[in-house]
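Okay, structure first, notes after.
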Amino acid sequence: MSYIEPAPIKDKENPLDSMMSRFDEAARLLGIDEEMYNILKIPARQVIVGIPITMDSGRIKVFEGYRVIHSNILGPSKGGIRYDPDVNLNEVKALAAWMTWKCAVVDIPYGGAKGGIACNPREMSAGELERLTRGYTLAMLDVFGPDRDIPAPDMGTGPREMAWLMDEYSRAKGMTINAVVTGKPLVLGGSLGRMEATGRGVMVCAFAGMEKLRINPYKATCAVQGFGNVGSHAAMLLHERGVNVVAVSDMSGAYYNENGIDIEAALRHLDANNRSLEGFTGGEKIPPASLLTLPVDILVPAAKEDVIVEENMHKIQARMIVEGANGPTAAVADKVINEKGILAVPDILANAGGVSVSYFEWVQNRLGYKWTYERIQRRSDRIMRDAFERVYETSLQYKVSMRIAAYIVAIDKVARTYTFRGGY
Ligand code: GLU
């Protein structure tokens, strides 16, 4: 198929190129034709806005905000909003496409989108962040909508920002519309279990992977990169189930303890120290990069994209990688990881627990009803377990990695749906 270039990885550590090279490989294996290839490749909508905000100093600063809707073939598009200085259109495009594949892998009726604002939330006051969030929401008024495009938290945002977004959108529409966004605080129609949902899905995938590799969880060791919403919950849930979490890290550094980090103590430290591990004494400080190459059973990269790259790919010693972050493994590292026999549970499967519970939140909002914690846990664990098995079986059938198998499952579903719906 000449229209699919032979997977060029132009910039080895660019998330869009990484995403595309996997997409190309899976599309080739599935025998997707040229028209369908282009339909699935080109985002449905890309919006860039300038958001002028009065800073606390009184000066007006203009921020650039993005929303990319990659696909709405399966349903309204879904995906988080990222506040980070590195946010750019290419990154948002990759993240939006990953959302399409992620929702398809776990079989929920959503397309994929992602938004972001290039800003440094750590250096902004709550008032500045509120004005920025409200300004972004107003600029995206015709993009968002409970039946159109439904944002959620991502890096640098959380329930607080989602509450502002829901409020601004509702004011503009003249009525409360809580289903326009997920990841809200509980009192505003947030769902029980949403905060830990992504970390819980990571834990479920880690256990499913240990079963396949015949690793005894009580003897397993684990290193978690990133101690934000995803990493901290994944670490806690693994630790509670007997896995020895020997290393954790965040922006302040990496902490190692061969007898196991006391995760409860680490979480208490976060609460008392402005969400940072700075000054945590429950482990010896090690160079942050060395956490990734520790000889552990399970490595959970739960920070950012492109951390397993050409430079360190040969040194990875884990038996299994469970990707809590989006895009932590650059495409250039796939071959080496596979040749080493490392089971890599890919991002679009491993971190899909978050969007799954977002889906439950949206369903509850639309029903005007609240589900119990038990129901949410049961249903999200089932979704993750079923998706893991579907991807694992596909990897055996096509003799490919779990990553390419996940893309095959996703692309096949979206392509078949498009074929039924039909185009012009
Ligand atoms: N930002 C999260 C993700 O990357 C959650 C998206 C959502 O819940 O819509 O999966």
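The values are calculated or read from the model by the stated rules, or taken from the named source; none is laboratory data. The structure displayed is predicted, hence computed values, not measured ones. Cβ coordinates were reconstructed from backbone atoms using ideal geometry, including for glycine residues, and neighbour counts include every protein chain displayed.
Values for this structure:
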| item | result |
| --- | --- |
| Residue count for segment 210-226, restricted to those that are buried (at least 24 other Cβ atoms within 10 Å of the Cβ) and more than 13 Å from residue 238 (Cα to Cα) | 2 |
| Count - residues of segment 279-311 that are assigned to a loop (DSSP other than H, G, I, E, B) and surrounded by fewer than 15 Cβ atoms within 10 Å (Cβ to Cβ) | 6 |
| Matching residues in segment 377-401 - criterion: being surrounded by 16 or more Cβ atoms within 10 Å (Cβ to Cβ), in a helix (DSSP H, G or I) and of a type outside the set (D, E, K, R) | 377, 380, 383, 384, 387, 388, 391, 392, 394, 395 |
| Selection count, segment 119-159, where residues are surrounded by fewer than 17 Cβ atoms within 10 Å (Cβ to Cβ) and in contact with an Asp or Glu (Cβ under 8 Å, 6 or more places away or on another chain) | 4 |
| Identity of the residue in segment 183-214, part of a loop (DSSP other than H, G, I, E, B) and out of contact with any Lys or Arg (no Cβ under 7 Å at 6 or more places or on another chain), that ends up farthest from the ligand (Cβ to nearest atom) | 214 |
| Residue 404 under 21 Å from residue 75 (Cβ atoms), touching a residue at least 12 places away in the same chain (Cβ under 8 Å) and assigned to a helix (DSSP H, G or I) | no |
| From 114, 102, 78, 61, residue being free of Cβ contacts under 8 Å to residues at least 60 places away in the same chain and within 13 Å of the ligand (Cβ to nearest atom) | 114 |
| Matching residues, segment 1-36, being surrounded by fewer than 17 Cβ atoms within 10 Å (Cβ to Cβ), at pLDDT below 95 and not in a loop (DSSP other than H, G, I, E, B) | 34, 35 |
| Members of segment 377-413 found to be in contact with a Phe, Trp or Tyr (Cβ under 8 Å, 6 or more places away or on another chain) and more than 21 Å from residue 322 (Cβ to Cβ), listed by number | 411 |
| Residue that is nearest to the ligand (Cβ to nearest atom), among those in segment 117-159 that are part of a strand (DSSP E or B) and in contact with a strand residue (DSSP E or B) (Cβ under 7 Å, 6 or more places away or on another chain) | 152 |
| When residues of segment 160-181 are limited to those that are within 16 Å of the ligand (Cβ to nearest atom) and under 21 Å from residue 53 (Cβ atoms), the one surrounded by the fewest Cβ atoms within 10 Å (Cβ to Cβ) | 160 |
| Filter pass, residue 363 being among the β-branched types (Val, Ile, Thr), surrounded by fewer than 24 Cβ atoms within 10 Å (Cβ to Cβ) and within 16 Å of the ligand (Cβ to nearest atom) | yes |
| Top-ranked residue in segment 321-376 [being over 22 Å from residue 154 (Cα atoms) and part of a loop (DSSP other than H, G, I, E, B); ranked as nearest to the chain's Cα centre (by Cα)] | 342 |
| Residues being touching a residue at least 60 places away in the same chain (Cβ under 8 Å) and within 14 Å of the ligand (Cβ to nearest atom) - total across segment 81-92 | 5 |
